[in-house]
Amino acid sequence: MRDTTTRPLVEVRNLKMYFPIHSGLMRKHTGDVKAVDDISFDIYEGETLGLVGESGCGKSTVGRALLRLYEPTAGQITIAGDDVASLSPEALRRKRPTMQMVFQDPQASLNPRMTVADIIGEPLDEHSGLSSADKLARIYELMDAVGLNRAFANRYPHAFSGGQRQRIGIARALALNPKFIVCDEPIAALDVSIQAQVVNLLEDLQDRLGLTYLFISHDLSMVRHIADRVAVMYLGQIAEISPVDALYARPLHPYAEALLSAVPEPDPSREGARQRIILKGDVPSPANPPKGCNFCTRCPKVMPVCREVEPRLQEAAPDRLVACHLIHPIDAARAGQTGQAGAQEHSQQQGV
Amino acid sequence: MPDGAMPVLEVRGLKTVFHTRGGSVHAVNDVSFHLMPGELLGVVGESGSGKSVTMMSLIGLLPSPPADVQSGQVLLGGQDLLKATPEALRKVRGARIGFVFQDPMTSLNPVFTVGSQIMAPLRKHMGLSKAQAEVRAVELLELVGIPDARRRLKSYPHQFSGGMRQRVMIAIALACDPEVLIADEPTTALDVTIQAQILELVKELRQKLGMAIVWITHDLGVVAEIADRVMVMYGGQVVEQAPVKELFRNPRHPYTRALLKTIPKLGGQRGERLQVIEGQPPILGSAPAACPFRARCAHAFARCEAENPVRRPVDGRPVGQGHDVACHWSPEGAEDPSQEAAHA
């Protein structure tokens, strides 16, 4: 767990990532897919922030926009003091070594025509002036760090299993001593018995090198294991950010609650005891999100106000931010308005 | 499972080999299991463990060559499917055995309406007229919880979401009231909240229709939730088989035991390191002469190298009826005293 004195390494403010929809003969701009719609969060130095949500909720887009693999539509992304979203191309290039990514599919993210040494060495060629002897030494060092046998340096990716390929991808991400790594579903393509190997490796490297992770995953059990804090996304927005233990013990946002209750537990004796919330219907299209709260079409606790007013992400308890009209914002509680949450709160928000 | 009842499906000594340019792959080695009426059998294993190939072999869905179902018996109500003619097999598929595949997008035909795809087996196998088939198709879509079913018959697969498509697949599989439903990773491509919907639907359908189901998955959580009995596969073999509660409470095979420890749980302690199973699954290049798990097994000893273990009962009941395991080692160390030394 982080202590309160650490400062944020990554600060995201009002990030929006829209993908335009063009249609008709003239390919006119007729709308946007709002993949990420106005989200803000911090990632503290040395911590792992888990980012969970279902497919299409925008979690991978957040990861990519953070490293400016996409050009964000709006917002600030401050990583170690620099606003990545507005850096010039040359400054961005100089910034790249500090922030790296591990991709989901190690098959697709490694060039099949490059040897392992070439793949791991490529960032070194681009960003460091190492001599070839120093470079090779660094490549071997990285292979040792991720548990790959040095003797395989001249093999091609196809000669490795899925778990080993993911190790190659991790070694490449580590080559330039980054501070911040976005792990985008790094274990989703791996078998259960291999997943644990890769997760343990990521944790060891974090301890040794003081890395900060954004760990994007749909596997809620694994996120509980690896993350310090967790952000739950739904339809392009953050529903809740909480410390991991608090979230899993008592999720505050109705979506977080439903999501956690839907995970089947590998323990048949507990099955009967659990309260499962089955959400009705499907996620609405991010090109046409509902008015008000974006979860209002499926929320089991929906109120009339939810269909009108968009809830904002507010502190619901120490360190816990929740975007829901059901949760009393901390200010209102302090002001003594505990009893009559509903209407009054919303009228305040409309005024904002 | 009532004693004395006849199984609806019984598989004995199934062996499937793929002959490829790079050599042969022994994907399924001597797999035997049965399925009782109304029962849900969970089949668990990692990719390459042979779970899907086993089920595809049953009903002749594997292209041959390269696949070669070398031996075994598949008895469906007394008829051996492996000896059946292609024509007879066609009458079984879709009519007596229904199939639901992992990815509903690739298993539905994108150029035909959903309605015509549900009606195809009804007209083919049950000889219904177009009008009768349409009535039944609406019934089926309603059964699997698709609202506004009559109108949706005219929709194409791309107009449905992933969860809805999987419901359509289930409707097609159920169309002719099959005796057995084989579901191959039916919820793997779906999100957890949608998976929860489908699991709920299957539980409901089992109560209504009482059919026997084989459910293939790699997710032990899903198995814990819906299965009556579980069969664990590794390296093309059945390594352990038991009623679901028994398997989770008292796993006997080192692979099952390790697998249960590698997955973090939602409840329970946090913070400790995950247990790992070192190494990789085996490449099944030749017929197995040794235990396929030996290279990764924490308890392997000399005998595991010399002899492929056969399934033996754990709880005294015959193999297949109660809890059985294919392993020379035993957690109590009673079965083979030599292993204690090797283990230490």
Sort out for me the Cα centre separation of segment A:201-280 from segment B:277-337, rounded to whole Å. 35
Which distance in nm do the two modelled labels at A:Asp134 and B:Glu332 give, with both placed 7 Å along the Cα-to-Cβ direction? 6.5
Over segment A:122-188, relative contact order from alpha-carbon pairs under 8 Å, at least 6 apart, %: 39
Relative contact order computed over chain B (Cα-Cα under 8 Å; 6+ residues apart), in percent: 19
Where does the Debye-calculated log10 I(q)/I(0) of chain A sit at q = 0.07, 0.12 Å⁻¹, using only Cα point scatterers of equal weight, no solvent? -0.34, -0.94
Would you list, by chain and number, the aspartates and glutamates whose Cα falls below 13 Å from the Cα of B:Lys208, excluding same-chain residues fewer than 8 positions away? B:Asp177, B:Glu200
When averaged across all projection directions, what area in nm² does the alpha-carbon convex hull of segment B:117-203 cover? 5.7
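How do B:Met56, A:Met143 stack up against each other in accessible area, from largest to smallest, with a 1.4 angstrom probe?
Numbers: B:Met56 50, A:Met143 0 Å².
From most exposed to least exposed: B:Met56, A:Met143.
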Can you list the lysines whose alpha carbon is less than 23 Å from that of A:Lys28, not counting same-chain residues fewer than 8 positions off? A:Lys16
Put A:Thr6, B:Thr54, A:Thr61 in order of accessible area, largest first, probe 1.4 Å, and you get A:Thr6, A:Thr61, B:Thr54
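Once you charge only the Cβ atoms, +1 for Lys and Arg and -1 for Asp and Glu, what is the size of the charge dipole of chain B about its Cα centre, to the nearest 20 debye?
Working: 37 positive and 35 negative charges, 202 e Å.
Dipole about the Cα centre, nearest 20: 980 debye.
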Enter the mean number of other protein chain beta carbons within 10 Å of the beta carbon of each residue in B:251-263, as an integer. 2
Quick tally, 1.4 Å probe accessible area for B:Lys83, B:Lys245, sorted with the most first, runs B:Lys83, B:Lys245
In nanometres, what is the gap between the two model label sites at A:Glu308 and A:His127, each 7 Å from Cα along Cα-to-Cβ? 5.1
To the nearest 10 square angstrom, what accessible area does B:Phe18 show with a 1.4 Å probe? 40
Charge dipole magnitude, Cβ of K and R +1, D and E -1 - segment A:10-237, Cα centre, debye nearest 20: 560
Once the piece of chain linking A:Asp207 and A:Ala249 is laid out straight, how much longer is it, given 0.36 nm per residue of separation minus the C-alpha distance between them? 12.5 nm
Check the protein assembly as shown for me: any Cys whose beta-carbon has no other cysteine beta-carbon within less than 4.7 Å? A:Cys57, A:Cys183, A:Cys299, A:Cys324, B:Cys176, B:Cys297, B:Cys327
Computed curve, segment B:149-249, Cα-only Debye sum without solvent term, log₁₀ I(q)/I(0) at 0.15 Å⁻¹, is -0.69
Considering only Cα-Cα distances, which of the following residue pairs are longer than 28 Å: B:Lys15/B:Lys203; A:Lys280/B:Lys91; B:Lys15/B:Lys261; A:Lys95/A:Lys135; B:Lys51/B:Lys83? B:Lys15/B:Lys203; A:Lys280/B:Lys91; B:Lys15/B:Lys261
Counting only protein heavy atoms and leaving out ligands, DNA and RNA, the solvent-accessible surface of B:Arg123 at a 1.4 Å probe, in Å² to the nearest 10, equals 120
Could you give me the percent of Cα pairs per 10 Å distance bin for chain B, shortest bin first, beginning at zero and ending with the bin that holds the maximum distance? 5, 24, 31, 24, 11, 3, 1, 0
What base-10 log of the normalised intensity I(q)/I(0) is obtained for segment A:52-209 from the Debye formula, alpha carbons as equal point scatterers, at q = 0.13 Å⁻¹? -0.64
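Restricting to Cα pairs below 8 Å that are 6+ residues apart, what does the relative contact order work out to for chain A? Please round to a whole percent. If you can, show how the numbers build up before the last one.
Numbers: 611 pairs, mean separation 61.4, N = 352.
Value for chain A: 17 percent.
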Test of understanding: in a Gaussian network model of chain A with alpha carbons linked when under 10 Å, which of A:Gly162, A:Gly236, A:Gly24 would top the mean-square fluctuation ranking? A:Gly24
In degrees, nearest 10, the alpha-carbon axis of helix B:130-143 is tilted away from the dominant principal axis of the alpha carbons of chain B by 50
As an exercise, use a Förster radius of 45 Å and the Cβ-Cβ distance of B:His158 and B:Gln73 to find the FRET efficiency, rounded to the nearest 0.05. 0.60
Say each of B:Arg270 and A:Ala91 gets a label point 7 Å from the Cα, pointing the same way as Cα to Cβ; how far apart are those two points in nm? 3.8
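Work out, in µm²/s and without decimals, the Stokes-Einstein translational diffusion coefficient of the protein assembly as shown at 25 °C, 0.890 mPa s, Rh from Kirkwood over C-alpha pairs.
Values: Rh = 27.8 Å.
Reported coefficient: 88 µm²/s.
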Divide by every residue of chain A the summed helix terms, -39500 (n - 2.57) for each DSSP H run of at least 4, and state the resulting mean residue ellipticity at 222 nm, rounded to the nearest 500 deg cm²/dmol. -9000 deg cm²/dmol
Is it possible to state the helix-based mean residue ellipticity at 222 nm for chain B, with each DSSP H run of 4+ residues giving -39500 (n - 2.57), the sum divided by total residues, to the nearest 500 deg cm²/dmol? What is it? -9500 deg cm²/dmol
Expressed in square angstrom to the nearest 10, the accessible area of B:Asp184 with a 1.4 Å probe stands at 20
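How far, in nm, would the chain grow between B:Met6 and B:Glu139 when pulled straight, counting 0.36 nm per residue and subtracting the alpha carbon separation? Display every interim value, and only then the final one.
On the way: separation 133, 0.36 × 133 = 47.88 nm, distance 3.05 nm.
That pair, B:Met6 and B:Glu139, stretches by 44.8 nm at full extension.
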Crossing angle, helix A:132-145 versus chain A [Cα axis fit, 0-90 degrees, rounded to tens]: 50
Hey, any idea what % of the protein assembly as shown's accessible area is carbon plus sulfur with a 1.4 Å probe? 51
For the Cα atoms of chain B, what angle does the longest principal axis make with the long axis of helix B:192-209, in degrees from 0 to 90, nearest 10? 80
When you have a sec, figure out the Kirkwood radius of segment B:35-94 from all distinct Cα pair distances and drop it here in Å to one decimal? 13.0
For A:Asp319 and A:Asn14, what does the FRET efficiency come to when R0 = 25 Å and r is the distance between their Cβ atoms, rounded to the nearest 0.05? 0.75
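The values are calculated or read from the model by the stated rules, or taken from the named source; none is laboratory data. Since we're looking at a predicted model, the values are computed, not measured. Every residue, glycine as well, gets a Cβ built from its backbone with ideal geometry; the counts of neighbours run over all protein chains shown. We work out accessible area using only protein heavy atoms, side chains counted, and drop any ligands, DNA or RNA first. Shrake-Rupley method; radii C 1.70, N 1.55, O 1.52, S 1.80 Å.
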